[in-house]
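Worksheet for the structure shown next.
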Amino acid sequence: MDDQEGGPGPVGQLPYEGVWRFTAPTVDASVPQARHAVRDLLARRRVPVSEDTAYGLLLIVSELVTNAVRHAAVLSPTLAVEVAVGPEWVRVSVEDDHPYRPTPLETDYARTGGRGLLLVREIAQEAGGTCDVAHTASGGKVIWAALPLVPAPRQNTP
């Protein structure tokens, strides 16, 4: 993976804030590489993220990179993973050059696949965050999820 690390931020910015971008070939080996790169970045920058949020972010990265590998590789030989950290949130995104804009499928327990974006949406919502898909200027897409650094309070269900 090619790592393009952001430099020191503006005065008054917290030490963990910034934007980092990794590029990788759209192949199976990039899934664990992207997950490890994000995990290492969070640790190296000392991002104040809870264990649950970090786990959710890494699962999101795995799902989004897997989707790019499975569905976009034919038109997108590379993908980009971006991590943006603000004072109260962390955002991960995966960008590829394939123009198809996927939508989360509904839960169908009989299917063995096709629920990656549904999982991403559920993880983001449970953490108090959000996710979306957008077209890029080059005609591809970027799928992102933003989670708060402080986890959302758990709702008690009877």
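The values are calculated or read from the model by the stated rules, or taken from the named source; none is laboratory data. Remember, predicted model here, so these are calculated numbers, not experimental data. No Cβ is skipped: glycine too gets one built from the backbone with ideal geometry, and neighbour counts run over all protein chains shown. Surface areas here come from the heavy atoms of the whole protein model, side chains and all, with no ligands, DNA or RNA. Shrake-Rupley method; radii C 1.70, N 1.55, O 1.52, S 1.80 Å.
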Descending accessible area (1.4 Å probe), largest on the left, turns 44, 121 into 44, 121
Rounded to the nearest 10 Å², what accessible area does residue 36 have for a 1.4 Å probe in the complete protein model?
80
May I ask for the net charge around residue 135, where only other residues with Cβ less than 9 Å from the Cβ of residue 135 are counted and Lys, Arg are +1 while Asp, Glu are -1?
+2
Using a 1.4 Å probe on heavy atoms of the protein chains only, the accessible area for residue 126 in Å², nearest 10, reads 130
Under the Karplus relation with 6.51, -1.76 and 1.60 and θ = phi - 60°, whole-Hz ³J(HN,Hα) for the stretch 64-77, x at Gly and Pro, equal 5, 5, 4, 4, 4, 5, 6, 10, 10, 4, 4, 10, 9, x
